[in-house]
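Asks: The structure that follows is given in the form of structure tokens.
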Amino acid sequence: MKKTLTALVVLLLIICSGISVYAQGIEWETLNDEVMSLYRQGRYDRAVIVAKRALQVAEKAVGPDHPSVATSLNNLAELYHTQGQYAQAEPLCKRSLAIREEAFGPDHLSVATILENMAVLYRNTGRENEAKELDKRAAAIRAIMR
């Protein structure tokens, strides 16, 4: 009887945690939709707040090294970049890149996209040589995928 009760409690915990992750996934998607809407409206300050919340939700729901976290990092980086806050954007881009390379491999299209975003960021900070290297790598990935 005690083993059955213990097994039932464990099963309920697993089910409840699955429901929680699912609910957080819906919240994450809703927050990302809001970020995109605010971005299109030019409401960058508010979009940054919502993007930070989306990042927190993703990290809590799926852990710090999940592709959803990389997406949230990239969204937040792009918002900072749009506002000329390059120092805030760069570490977010680097972390997003590292997560995507680990999750999908170094030759995935999503890696190429981050590399291209970083190249633009580097150009905006006067780092043309680094930008060219990133563009080269992104172009090589896109050529492989054709």
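The values are calculated or read from the model by the stated rules, or taken from the named source; none is laboratory data. All values reported here derive from a predicted model rather than from experimental measurement. Cβ coordinates were reconstructed from backbone atoms using ideal geometry, including for glycine residues, and neighbour counts include every protein chain displayed. Quick note on the areas: whole protein, heavy atoms, side chains included, nothing else; ligands and nucleic acids left out. Shrake-Rupley method; radii C 1.70, N 1.55, O 1.52, S 1.80 Å.
Asks: Being without any contact (Cβ under 8 Å) to a residue 12 or more places away in the chain, assigned to a helix (DSSP H, G or I) and out of contact with any Phe, Trp or Tyr (no Cβ under 6 Å at 6 or more places or on another chain) is the filter here, so list the residues in segment 105-138 that pass it.
Replies: R123, E128, N129, E133, K136
Asks: Further question on the same structure: Checking the condition of a type in the set (D, E, K, R) and surrounded by 14 or more Cβ atoms within 10 Å (Cβ to Cβ), which residue from E102, E90 passes?
Replies: Values: E102 fails: surrounded by 14 or more Cβ atoms within 10 Å (Cβ to Cβ).
Only one candidate qualifies: E90.
So that you can scan it fast, the table gives a plain yes or no per residue for (1) touching a Leu at 6+ places or on another chain (Cβ under 7 Å); (2) more than 18 Å from P91 (Cα to Cα):
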| site | (1), (2) |
| --- | --- |
| G42 | no, yes |
| A54 | yes, no |
| V62 | no, yes |
| P67 | no, no |
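Asks: If you take the residues of segment 57-87 that are assigned to a loop (DSSP other than H, G, I, E, B) and over 21 Å from S37 (Cα atoms), which of them is most open to solvent (accessible area, probe 1.4 Å)?
Replies: Applying the filter and picking the extreme gives D65.
Asks: Take segment 126-146 and flag every residue that is in contact with a helix residue (DSSP H, G or I) (Cβ under 8 Å, 6 or more places away or on another chain) and of a type in the set (D, E).
Replies: Matches in segment 126-146: E128, E130, D135.
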